[in-house]
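Chemist: Before we start, here is the structure in question, set down as structure tokens.
Each value in this text was obtained by applying a stated rule to the coordinates, not by laboratory testing. Remember, predicted model here, so these are calculated numbers, not experimental data. With ideal geometry, Cβ positions are generated from the backbone for all residues, glycine too; neighbour counts draw on all protein chains shown.
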Amino acid sequence: MTSSVSKLALSLMFAVCVSACAHPNYQEASTAPASESKTATCALKYNSQNLCAAYDWETYPTESDMGAFVARFTNPTSGALVDPALSLKVVLWMPSMGHGSSPVTVTRLSTGVYRVDKVFFSMPGTWQIRFQLMQSGAVVEEQIATLQF
Amino acid sequence: MRSRCLNRALRLNVGALLLLVLVVSPQFALAAACCGGGLPVPALILGDEQANFSSSLTVSEIRTDVSANGVWKDRTNKENAETLRLDAAHIFRDRFQYGMSVPILRRERVNDSTGLGDVALNAGYEFLPEWDYHPIRPRGVGFLQLVLPTGRSIQEAGLLDQVDSRGRGFWALGVGSAFTKIRGKLDAIAIFDVHRSFNKSDADSPAGRINLKPGFGGTLSAGAGYTFGDVRLGAAASWIYDDAVAVSGAVSSEGSVTRWAVATLSAVYSPNDEWTGSLSYSDQTLLGAPTNTALARSLQVNVQKRWSR
């Protein structure tokens with residue numbers, strides 16, 4: 001009796017193991033996107049502020065090293081660089097897991113040009129770079145760039 | 001003749017039960033090594049003792065991340081985690097018991113962080129007692145588990161690589177049951193639970209103040225073992241699921257469900273009725289279709305002291 005129960009249990013375990021085995025779908029190591037500049041198409045457009053935003057990587061982050069990019073704000077009509085009337089905040093966000101990364105540093109380089117340092121993505125997946133225009137601690141408008149890390 | 005058979009059966013059952021007691025903890029290593037998840041394995045007494053105390057050390061290497069759409073990516077800089085977990089359980093009235101689990105975690109990647117994980121309290125009731133050594137009916141212990149948000153959630157982690165996240169960080173209430181059955185030298189165990197994690201408002205995150213809305217989750221675990229003298233060799237598998245965590249406030253997102261599975265092999269040595277030691281290996285990369293999680297391989301050493309009734 002014990003022997004037949006043992007055989008049944010072993011058969012069941014074998015069947016479960018075979019049918020439940022993982023089938024990994026691997027992704028190759030991430031590389032820097034060819035170009036993230038969106039100036040020409042004005043993909044990141046702030047309607048309430050009449051602004052366009054674009055960004056270009058200076059250093060693409062890796063699993064262990066931080067990166068940096070430069071964000072540019074332009075007038076959509078003239079194309080001239082302009083500073084946003086509101087303060088700029090940049091948030092790195094992983095929407096699937098509902099968490100962000102550590103805070104980045106935003107430095108104004110010149111009119112309409114801002115350098116964003118300490119960019120780090122803590123795990124692979126879909127990340128958002130959220131360019132938020134803030135007033136009194138509240139987000140007035142944000143534009144989101146999405147990338148695969 | 002019948003009496004001799006019964007005595008032999010009782011000896012086998014009691015011996016196997018003693019070994020099975022310890023199997024619960026090392027056999028099911030549920031938490032996703034990156035961010036917690038699932039309900040911790042409850043500190044339960046499934047044998048014939050009055051009380052037990054376990055101490056386990058788990059060393060994990062987090063080697064693979066799986067995205068929300070199921071794409072796997074191996075880490076080039078792997079993360080190491082060590083978990084010291086203390087479990088205690090006590091039968092205070094015939095079929096009623098309570099228990100507690102206290103995990104202390106150390107995570108190391110770019111940064112290094114050590115601290116308390118999610119502490120869990122549980123109460124159990126043996127609704128299917130093993131009084132007559134029924135040939136088929138298992139022993140069943142139902143449990144209610146309360147998880148305290150003592151480990152910081154990944155949403156609130158402040159370090160660059162989020163190694164200061166040591167749990168789910170939510171109040172959670174779970175209900176479940178553990179079943180065990182022993183036939184001769186063969187034993188089987190199954191545990192399932194359903195849990196609900198509760199909302200957290202005005203949490204501090206690097207992005208600003210956020211509100212977190214988790215949902216339901218569940219765990220299904222099953223295992224079997226064979227006893228050779230004082231040694232039991234076992235194998236087990238667990239499937240864990242958690243609803244998405246929706247975020248609102250400074251940043252908003254809907255989140256994605258999290259699920260993964262764990263395969264575990266364990267060897268348990270029980271030289272007497274009071275002490276047991278075990279070694280187990282767990283691998284989260286072998287089974288199931290994981291999504292939105294990090295997968296680890298772990299080695300666990302466990303020592304348990306028991307006090308008989």
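Chemist: Please list, in chain and number order, the residues 5+ apart from residue B:159 or on another chain whose amide H is under 5 Å from its amide H, with Hs placed from the backbone.
Modeler: B:164
Chemist: Residue by residue through B:251-264, how many Cβ atoms from other chains fall within 10 Å of the Cβ on average?
Modeler: 4
Chemist: When you look at the Cβ of every residue in B:152-161, what mean number of other chain Cβ atoms sits within 10 Å?
Modeler: For peptide B:152-161, the averaged partner shielding equals 4.
Chemist: Can I ask one more? Students often check this: by mean Cβ neighbours within 10 Å, which of A:137-148, B:49-60 ranks highest, and how do the rest follow?
Modeler: B:49-60, A:137-148
Chemist: Relative to the present Cα-Cα distance, how much length would full extension add between residue B:201 and residue B:112 at 0.36 nm per residue of separation?
Modeler: Residue separation times 0.36 nm, minus the Cα-Cα distance, leaves 29.3 nm.
Chemist: Karplus couplings for region A:132-149 from phi (6.51 cos²θ - 1.76 cosθ + 1.60, θ = phi - 60°), rounded to Hz, Gly and Pro as x?
Modeler: 3J(HN,Hα) across region A:132-149, in whole Hz: 9, 9, 10, 9, 6, x, 10, 7, 7, 7, 9, 10, 10, 9, 10, 9, 9, 9.
Chemist: With θ set to phi - 60° and the Karplus curve 6.51 cos²θ - 1.76 cosθ + 1.60, what are the ³J(HN,Hα) couplings of region A:56-73 in order, to the nearest whole Hz, using x for Gly and Pro?
Modeler: Per residue, the Karplus-derived 3J(HN,Hα) values read 10, 6, 8, 9, 7, x, 10, 4, 10, 10, 7, x, 8, 9, 10, 9, 10, 10 Hz.
Chemist: On to the next question. Okay, helix-only estimate at 222 nm for chain B: each DSSP H run of n ≥ 4 adds -39500 (n - 2.57), divide by all residues, round to 500 deg cm²/dmol; what do you get?
Modeler: -3000 deg cm²/dmol
Chemist: Could I ask something else about it? Over region A:44-148, calculate the relative contact order: mean separation of alpha carbon pairs under 8 Å at least 6 apart, over the residue count, as a percent.
Modeler: 26 percent
Chemist: Using amide H atoms built in the peptide plane, which far-off residues or other-chain residues are under 5 Å from residue B:169 H to H?
Modeler: Here B:151 satisfy the definition.
Chemist: Now for a separate question. In percent, how large is the relative contact order of chain B, given Cα pairs closer than 8 Å and 6 or more residues apart?
Modeler: Value for chain B: 21 percent.
Chemist: Please sort B:263-275, B:202-214 by packing, taking for each peptide the average over its residues of neighbouring beta carbons within 10 angstrom, highest first.
Modeler: Top of the packing list down: B:202-214, B:263-275.
Chemist: Right, another one. Determine one quarter of the surface area of the Cα convex hull of region A:44-148, which equals its mean projected area, and express it in nm² to one decimal.
Modeler: 6.5 nm²
Chemist: Residue by residue through region B:294-306, what is 3J(HN,Hα) from phi via Karplus (6.51 cos²θ - 1.76 cosθ + 1.60, θ = phi - 60°)? Round to whole Hz and write x for glycine and proline.
Modeler: Each residue of region B:294-306 in turn: 10, 10, 10, 10, 9, 10, 10, 10, 9, 10, 10, 10, 10 Hz.
Chemist: Amide H to amide H, which residues 5 or more places from residue B:288 or on other chains are under 5 Å from it, using H placed in the peptide plane?
Modeler: Under 5 Å from the amide H of residue B:288 lie the amide H atoms of A:21, A:22, each far enough along the sequence or on another chain.
Chemist: Additional query: List the extent of the Cα atoms of region B:39-175 along each of their three principal axes, largest first, rounded to whole Å.
Modeler: For region B:39-175, the Cα spread along each principal axis is 55, 29, 24 Å.
Chemist: Residues of A:80-92, mean number of Cβ from any other protein chain within 10 Å of their own Cβ, rounded to a whole number?
Modeler: Mean shielding count: 1.
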